[in-house]
1. Filter region 415-471 down to the residues that are of a type in the set (D, E, K, R), open to solvent by 10 Å² or more (accessible area, probe 1.4 Å) and over 17 Å from Val537 (Cα atoms) and list them by number.
2. Regarding Thr412, is this residue open to solvent by less than 10 Å² (accessible area, probe 1.4 Å), within 20 Å of the chain's Cα centre (by Cα) and of a type in the set (Ser, Thr, Tyr)?
3. Specify which of the listed residues (Tyr502, Tyr482) is touching a Leu at 6+ places or on another chain (Cβ under 6 Å), under 19 Å from Glu71 (Cβ atoms) and of a type in the set (Ser, Thr, Tyr).
4. What residue, of Leu372, Leu380, Leu393, is among the aliphatic types (A, V, I, L, M), assigned to a helix (DSSP H, G or I), open to solvent by 30 Å² or more (accessible area, probe 1.4 Å) and modelled with pLDDT under 85?
5. Based on what the data block shows, is Gln10 modelled with pLDDT under 75 and surrounded by 14 or more Cβ atoms within 10 Å (Cβ to Cβ)?
6. Return the total of residues in region 502-525 being open to solvent by less than 80 Å² (accessible area, probe 1.4 Å), under 19 Å from Cys539 (Cβ atoms) and among the aliphatic types (A, V, I, L, M).
7. Among the residues of region 433-468, count how many are hydroxyl-bearing (Ser, Thr, Tyr) and not in a helix (DSSP H, G or I).
8. Please go through region 123-140 and give me each residue that is open to solvent by less than 10 Å² (accessible area, probe 1.4 Å) and out of contact with any helix residue (DSSP H, G or I) (no Cβ under 6 Å at 6 or more places or on another chain), ordered by number.
Amino acid sequence: MDKDAESAEQTHVDGLKKIAERPKWDNKVQYLLTCIGFAVGLGNVWRFPYLCQIYGGGAFLIPYAIALVFEGLPLLHMELAIGQRLRMGSVGVWNSISPYLGGLGVASLVVSFLVGLFYNMILAWILWYFFHSFQNPLPWRDCPLNLNLTGYVSECEKSSPVNYFWYRETLNITPNIETSGSIQWWLVLCLASAWCLVYICFIRGIETIGKWETLKNPEVWLDAATQIFFSLSLAFGGLIAFSSYNAQKNNCERDALIVGCVNSFTSIYASIPIFAILGFKANENYNGCKNWNILRLTNSFNIGDENITLENYDDWFKYLNKTDPSEVESLNLKTCNLQTFLDQSASGTGLAFIVFTEAVIKMPGSQVWAVLFFVMLFSLGLSSMFGNLEGVLTPLLDLHMIPPWIPKEIFTGLMCLTSFTVALIFTLGSGNYWLEIFNSYVGSIPLLIIAFFEIISVVYIYGINKFNDDIEWMSGRRPNIYWQATWRFISPFMLLVVFVAYVAVEAEKQPTYNAWNPDYVQFPLADVQPYPKWVFVICVLLSVIPVVSIPLVALYKLMGFLKKYIMNRHNQNPYANE
């Protein structure tokens, strides 16, 4: 046997040995619960309802359902199947299909790392609220007194106690992203605690783990697609890593349907109480706004108490404004609009830390409900963080990029420490603005690009027929026409169209963000400000850096191939240039 044959045989034996030695799940339920825990996270509680709110409620369900059926489930099935068949992490899987695809696994690794940075900051916020949930009364129930003890803090009076506790007591937020502010020590302690808890749990191993015209807007379809990817945790590499610990004879199609349906059901189910609370909060703020105006009118016009009520406020206002408009104008009454308060309530991460906290203080035994709520939120986030860490650690271990003399526990600790250090940016006064940037730019376009290349790689490079044979060998039946059509044509086409349309639309407008600015004329409404140019450059970099490895690795491999080809040609004919 020649040396090449011996080398190939040895590689095959080593591969079989590696598969045999790879850890496995204790049982199927453990695996499914881990995948569901990775998929079902904080995004189901605040991101999905928030997107439904800003895009017209039921209208958003159409692109969401289409993205689920034609993008989410096919990609989920494909990731579970390819990880289970090849029994490697994301880098190993794509590198084994083709050396030119090694950058695809690196892209998933980088996305998992960057998402883990801001995701664990949310867990830190949850810990901060959890620690304060044992106080009686809850610290976000009432406004604090001012320095002179003559009244309440102005910023709190203009907004609300829950808003003040979130923006001032928790974040100590700056009025814009260019004002960095100082590091908030209490958030640093909570962030350190969150990373310690993630590390302790992780090192035990895998066994513990109405506006229908909005449909024309490419942003709606991008948000629907990325919500599916973000919610199902697709393109992060974590699901590939989890499925790689499966026995190869396993029905991964059924697993994909179970995980996908449970995840979407959770999002829709969670939206029911969330929208009820949103409506409750908006109605409370709306009535509070009108009551404030009623008090001003009653005192100014010497009207008897309780003559002006919420029910007849509009009639009284019209009458007084008609008889003495100058006096009414001098009172600087608030503009009370229910829709404005509804829009103001839906505020991303603030959905949990503003809306729910306001609902909790209205309940009897509010401390108990607050503790239970934040324990639930932390549990959701913790299971997702396991998947993010697995999406980083497993590829590095599979590629033997970690020196064998470094124990896995030590390396995991170093990785958590590095992540904690980088994430200190989120503990600044401007940290919430940066977190929104990471959420918007790391968790959107890169996921679409990675998903597109994953499907193309499996279907047209690995080979769809070979992939079908693998699934038939693992599950006992060949994929049906639905899977075939989505993998071959529908999914990659939809991903490409959404990406191109979104980039074309975004290139024509300047991105903005919502700032909490007490000096804003219409405070407490959000002060919508454009991103400074240097911040916008960072936004672009966060969209590009996670996926730049895809072309770079392919180019590097191509250069190596060309160099080897030229050297071989030269060795075959050393006198060609003479």
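The values are calculated or read from the model by the stated rules, or taken from the named source; none is laboratory data. Everything quoted here is computed from the prediction, not taken from an experiment. So basically every Cβ, Gly included, is an ideal-geometry build from the backbone, and we count neighbours across all protein chains shown. Note: accessible area is taken over every heavy atom of the protein model, side chains too, but ligands, DNA and RNA are not part of it. Shrake-Rupley method; radii C 1.70, N 1.55, O 1.52, S 1.80 Å.
1. Result: Lys466, Asp469, Asp470.
2. no
3. Details: Tyr482 fails: touching a Leu at 6+ places or on another chain (Cβ under 6 Å).
Just a single option satisfies the conditions, and that option is Tyr502.
4. Leu380
5. The answer is no for Gln10.
6. Final tally of qualifying residues: 4.
7. Step one: filter region 433-468 for residues hydroxyl-bearing (Ser, Thr, Tyr), giving 433, 440-441, 444, 457, 460, 462.
When the remaining residues are screened for being not in a helix (DSSP H, G or I), the result is 444.
Residues in region 433-468 being hydroxyl-bearing (Ser, Thr, Tyr) and not in a helix (DSSP H, G or I): 1 in total.
8. Residues of region 123-140 open to solvent by less than 10 Å² (accessible area, probe 1.4 Å): 123-126, 129, 133, 138, 140.
Within region 123-140, Trp125 is the sole residue that qualifies.
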